[in-house]
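Remarks on the structure that follows.
None of the figures in this text is laboratory data; all of them are computed from the coordinates on show. Since this is a predicted model, take the numbers as computed values, not measurements. Here the Cβ is made from the backbone with ideal geometry for all residues, glycine too, and neighbour counts use every protein chain on show.
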């Protein structure tokens, strides 16, 4: 019998990945953190038995949490990442030359330690000293409340709303994000599954609609999140993800992408009818 | 320990669905056919242990194999479905009043029998006598070779290219489809996963590009196919899926959809970069 890791889902199904071996396993103050070598999906990070990233498909998530927002905002100089301990989001943010300062606040030093050692494909940015990049091992909720900084873009790259990430799905947190965003700032957040987490999506979009004049959702699809289809929320004070997205700016950025492209940018904001039935009333513009 | 059905995948992972009971299980001349009552996804049809449809997400697949093509073609009077034994595709085709005749050719009478009895949500059309609808239990490859009919739209709603469906992914079959399509006909086919079946997609698009002036792929995403993201091929003699799609025609059809809508129509034809790297060179127009 092969060894495997198993992700169980409330909706009465589970996914088993065959593995060669466990590379890292530690119980941090926040969660169980593991890196395993799978047979089919490269190395994989799991927090509390939930798949966070795999080498095979991490490019999808990291393309889509970073590039739509950074190519909508015409001048994203100061970027804050909350969460994102595997480093993949920071890696993609730092590919944009317009970014002058990227701060990242990850609550769990253990995740950073595990990825630095066993997931270099995403954690490269966390290990390379760069004048544009600062990593803080700290509580993102506290950081955003107390910081004196103002950001053009905030990216909430969180785990699910259980355990340490729960407050990152709350009203107070988003009030603080709003306060520390520039007058034309944008916040993008990990937004769960339209199929399996309809209630979370409904709450998130409601909170964002109370604060921001432009609120949209975007979808993408990867291999290792339950059901495949997944969402980010997109809330903006000024720039619109379709009207202010520019293919010319995209060409100037001169980046290659494995998932993202101009057609995918526009397509990502098209939502299936059942998802619109759930959150459409709160989308703005 | 709960009972479950398990779908194993070549890529070293498996998905287990918890079930209450097995409603139907028979070995037909072509495959093992089962209907089970799951705990989280309603009833589910499996052929040779691969999930074909579940009550929870069948609307996605059936919306996307039918409505993009029937709302691109301005006058789809004669439709042929090859495969589609669960009946969901026929159900959606028959919602279009412009369709005067819908023929369906399913090779495995056992699938039809199982769905008629245990999956009425999709098989309704197979049980209701309708002057517009004819069901043939026959080999689709033979049927398309020998028929005297000409079709406006052919829909190849097949299983994976293993077992009985293998010839449905071949060059000869598509030559016969081309011959029996009207001068402005369109063929849409189940096109596998961009992530896990890149080689199949490459072969399909190559075959279609030898025959048709317009060749595109469209993507959708459901819960029960491995990886979530899935594709249909779209090959057309005249009508273009984006230029000839009309929102006005869509309004006139006066249909409600749980997945499909006008934005999703356009978005579906936007392909991720890695998929374009694989098949982009063969897409036409």
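For n ≥ 4 DSSP H runs only, could you compute -39500 (n - 2.57) per run for chain B, divide by its residues and tell me the 222 nm figure to the nearest 500?
-8500 deg cm²/dmol
Do you know the relative contact order of segment B:166-285, to the nearest whole percent, from alpha carbon pairs under 8 angstrom that are 6+ apart?
Relative CO of segment B:166-285 lands at 32 percent.
State the Cα centre-to-centre distance between segment A:142-174 and segment A:15-30 in whole Å.
After rounding, the separation between the Cα centres reads 26 Å.
Using Cα-Cα distances under 8 Å and only pairs 6 or more residues apart, what relative contact order does segment A:61-118 have, in percent?
Dividing the mean separation by the residue count of segment A:61-118 yields 37 percent.
Measuring from the axis that superposes chain A on chain B, report the chain A residue with the minimal C-beta distance, rounded to whole Å.
Nearest-to-axis residue on chain A, with distance in whole Å, is A:228, 1.
Across the residues of A:4-11, average count of Cβ atoms on other protein chains within 10 Å?
Neighbouring Cβ atoms belonging to other protein chains average 3 per residue here.
Run the label-point distances for residue B:138 please: 7 Å along Cα to Cβ, every other copy, nanometres, shortest first.
Taking the point 7 Å beyond Cα along Cα→Cβ, the inter-copy spacings are 7.4 nm.
Need one value for A:36-44: mean number of C-beta atoms belonging to other chains within 10 Å of its residues' C-beta atoms.
Neighbouring Cβ atoms belonging to other protein chains average 2 per residue here.
Between 0 and 90 degrees, rounded to the nearest ten: what's the tilt of helix A:198-211 against the longest Cα principal axis of chain A?
Tilt relative to chain A: about 30 degrees.
Note the angle between two axes, namely the Cα long axis of helix B:109-118 and the longest principal axis of the Cα atoms of chain B, as a number of degrees from 0 to 90, rounded to the nearest 10.
Tilt of helix B:109-118: around 70 degrees.
Using the per-residue mean of other Cβ atoms lying within 10 Å as a proxy for protection, in what order, highest first, do the peptides A:144-156, B:17-29, B:243-255, A:224-236 fall?
Output ranking for A:144-156, B:17-29, B:243-255, A:224-236: A:224-236, A:144-156, B:17-29, B:243-255.
Return the average number of partner chain Cβ atoms within 10 angstrom of each residue Cβ along peptide B:273-283.
2
How many angstrom lie between the Cα centre of segment A:200-267 and the Cα centre of segment B:216-272?
20
Please rank B:202, B:41, fewest neighbouring Cβ atoms within 10 Å first, as an exposure proxy.
Ranked by crowding around the Cβ, least crowded first: B:202, B:41.
Expected output is a single nm value to one decimal: the length gained when fully extending between residue A:171 and residue A:136, i.e. 0.36 nm times separation in residues minus the C-alpha distance. What is it?
Full extension from residue A:171 to residue A:136 adds 10.3 nm.
Which whole-number percent gives the relative contact order of segment B:5-68, counting Cα pairs below 8 Å spaced six or more residues apart?
22
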